[in-house]
Amino acid sequence: MKATEILRLGVNGRKRLCLTYWFSLFLPFCLQAQLLYFVTNDNAITIVGDFAFYHCSGLTSVILGSGVTSVGNSAFSACTRLESVTIGRRVASIGDNAFSFTGLTSVVIPKSLTSLGDFAFDYSTRLTNVLFEGNRPPEPRAPFQQVEATVYFLPNTVGWGATFGNRPARLIPFVYTSDGHGITITGYRDPFIGNPLNIPDTIDGLPVGAIGTGAFSNQLGLTRVTFPDSVTNIRSTAFQGCTSLTNVSIGKNVAGIGDLAFADCSSLTLVTFEGNRPLEVGSIFSGASPVVYFLPGTTGWGATYAGRSAFLWNPSVSPFDRGFGLNNGKFGFNITGTPGLSLVIERSTNLAQLNWKPVRRITLVVGISSFVDPVALPNEGAFYRFRTP
């Protein structure tokens, strides 16, 4: 299933449907699906049941619409590639282990939530921030075990203290304005100390649509920024002077980037775009020298963007290539892709633990390169993946 395809779930004429144990009935879907979207016409699905999508290893994104009110125990547990979840505005309860052992990096919990289960996000080791939009719910047992996330809450909510679930809890650091339809982030209250930044896709129930002029300028400790798909506009000087910023990942719906938005970001080496080529205004990367990557299926791209080299991100491996397989106990394959493309090969022997480790960095000088793992293949086998440098 392609990333743009959507699984639509619904039963005409039925007002309530509990979705349970789909992992056993639809295993091929679990292994291949990337985006899961719950259609909410007539509130067709209100409950995602216990173990509904347990161990769906291909699942990367989930949208729970406004009809969903409950997420069951272990509903998305062990979905190790799940990186994004949008939780609907009526979800009142999230069960035990509901999102444990996932690849989530940030989560927004709606104000409708009244019950969070034990171990809800445990061992989701990439999770860095969790934003609660409502009052503090009753504290469950170890919801963030082996997770180094910070919990954020909104102004005018109640019950919050210095910690929640053994993690530090703080007032949301974003300064923002609202026009009643969307949010523009205009500033940040606290200094960064070697921290990444995941822009939330919603604040107080409204989509974050724009990053305002100079909103994060001169945040010297900021190292990485990830924009959600809700953002459509990054305005001038938004990140100017962020001298520690190295990596930027821009969501698929950004339509325009303003003058000097990433100027004087002297450490910036990589900018990844998930959508079509945005309109560029002025000198976006003045004083910075990043490499730009864009994805297959997007439009408008050429060999450069804003004066910097741009590459199609399309590395691939064929199991039918004669370089693929074991040789003297070591596993290897040939990689093909855009000439000049650089990538890092990572290896894991346990997907549940997300223990990916870099093995080698490769540049496809003429569009092809050979790789042989320097370590002999262990008895339990190994998994490989590519990432940008």
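With a 1.4 Å probe and all protein chains kept in place, how do VAL359, VAL231 rank by accessible area, largest first? Could the numbers behind the result be given before it?
On the way: VAL359 45, VAL231 0 Å².
Result, largest first: VAL359, VAL231.
Going from most exposed to least, what order do ARG387, ARG347 have by accessible area with a 1.4 Å probe? Can you show the working numbers first?
Working: ARG387 85, ARG347 40 Å².
I get ARG387, ARG347, largest accessible area first.
Please give the charge dipole size of the chain, origin at the Cα centre, charges +1 on K and R Cβ atoms and -1 on D and E Cβ atoms. Round to the nearest 20 debye. All intermediate terms of the calculation are to be shown ahead of the outcome.
Details: 28 positive and 23 negative charges, 75 e Å.
Using Cβ point charges on Lys, Arg, Asp and Glu, the chain gives about 360 debye.
Would you pull out the residues with amide H under 5 Å of ASN129's amide H, same chain only if 5 or more places away, H placed 1.01 Å from N?
HN-HN under 5 Å from ASN129: VAL107, THR150.
Provide the solvent-accessible area of ILE368, counting protein heavy atoms only and rolling a 1.4 Å probe, rounded to the nearest 10 Å².
Answer for ILE368: close to 80 Å² accessible.
Based on DSSP, what percent of beta bridges with both residues in the chain are antiparallel, to the nearest 5? Walk me through the numbers on the way to the answer.
Values: 32 of 87 bridges.
Antiparallel bridges: around 35 percent, rounded to the nearest 5.
Given a Förster distance of 25 Å, report the FRET efficiency between PHE383 and GLU148 from their Cβ-Cβ distance, rounded to the nearest 0.05. The partial results should precede the final answer.
Details: r = 24 Å, r/R0 = 0.96.
For R0 = 25 Å, the calculated efficiency reads 0.55.
List the residues whose amide H sits under 5 Å from the amide H of SER309, counting only those 5 or more places along or on another chain, with H placed 1.01 Å from N in the peptide plane.
VAL292
Tell me the accessible surface of LEU171 in square angstrom (1.4 angstrom probe, heavy atoms of protein chains only), to the nearest ten.
Its accessible surface works out to 70 Å², give or take rounding.
Report the accessible area of PHE174, computed with a 1.4 Å probe over the heavy atoms of all protein chains in place, in Å² rounded to the nearest 10.
The value for PHE174 is about 20 Å².
Share of the chain's accessible area from carbon and sulfur, percent, 1.4 Å? Can you show the working numbers first?
Values: 8930 of 17510 Å².
About 51 percent, which is the carbon plus sulfur part of the accessible surface.
So, R0 is 41 Å and r is the distance between the beta-carbons of SER66 and THR246; what FRET efficiency does that work out to, to 0.05?
Details: r = 38 Å, r/R0 = 0.92.
Efficiency computed from Cβ-Cβ geometry: 0.65.
Pairs of Cα atoms under 8 Å, at least six residues apart: use those to get the relative contact order of the range 221-273, whole percent. If you can, show how the numbers build up before the last one.
Working: 124 pairs, mean separation 22.7, N = 53.
Once normalised by length, the contact order is 43 percent.
So, in nm, how far is label ALA92 from label THR299 when the simple model puts each one 7 Å beyond its Cα toward the Cβ?
Taking the two extended label points, one gets 4.5 nm.
Please list 3J(HN,Hα) in residue order for the range 179-188, calculated via the Karplus relation 6.51 cos²θ - 1.76 cosθ + 1.60 where θ = phi - 60°; whole Hz, with x for glycine and proline.
Result, rounded to whole Hz: 9, x, 10, x, 10, 10, 7, 10, x, 9.
Over the chain, what is the relative contact order in whole percent, taking alpha-carbon pairs under 8 Å and six or more residues apart? Could you put the intermediate results ahead of the total?
Details: 1144 pairs, mean separation 26.2, N = 389.
That works out to 7 percent.
Using 7 Å Cα-to-Cβ label points, what is the VAL317/VAL158 separation (nm, one decimal)?
5.6
Residues of the chain: accessible area per residue at 1.4 Å, in Å²?
Details: 17510 Å² over 389 residues.
Dividing the accessible area of the chain by its residue count gives 45 Å².
Please list, in order along the range 333-345, the HN-Hα scalar couplings obtained from phi with the Karplus expression 6.51 cos²θ - 1.76 cosθ + 1.60 (θ = phi - 60°), rounded to whole Hz, x for Gly and Pro.
For the range 333-345, the Karplus curve yields 6, 9, 10, 10, x, 4, x, x, 5, 10, 8, 10, 8 Hz.
The values are calculated or read from the model by the stated rules, or taken from the named source; none is laboratory data. None of the values given here were measured: they were computed from a predicted structure. Quick reminder, even Gly has a Cβ in these numbers, built from the backbone with ideal geometry, and neighbours come from all protein chains shown. In case anyone asks, the SASA skips ligands and DNA or RNA and just uses the protein heavy atoms, side chains included. Shrake-Rupley method; radii C 1.70, N 1.55, O 1.52, S 1.80 Å.
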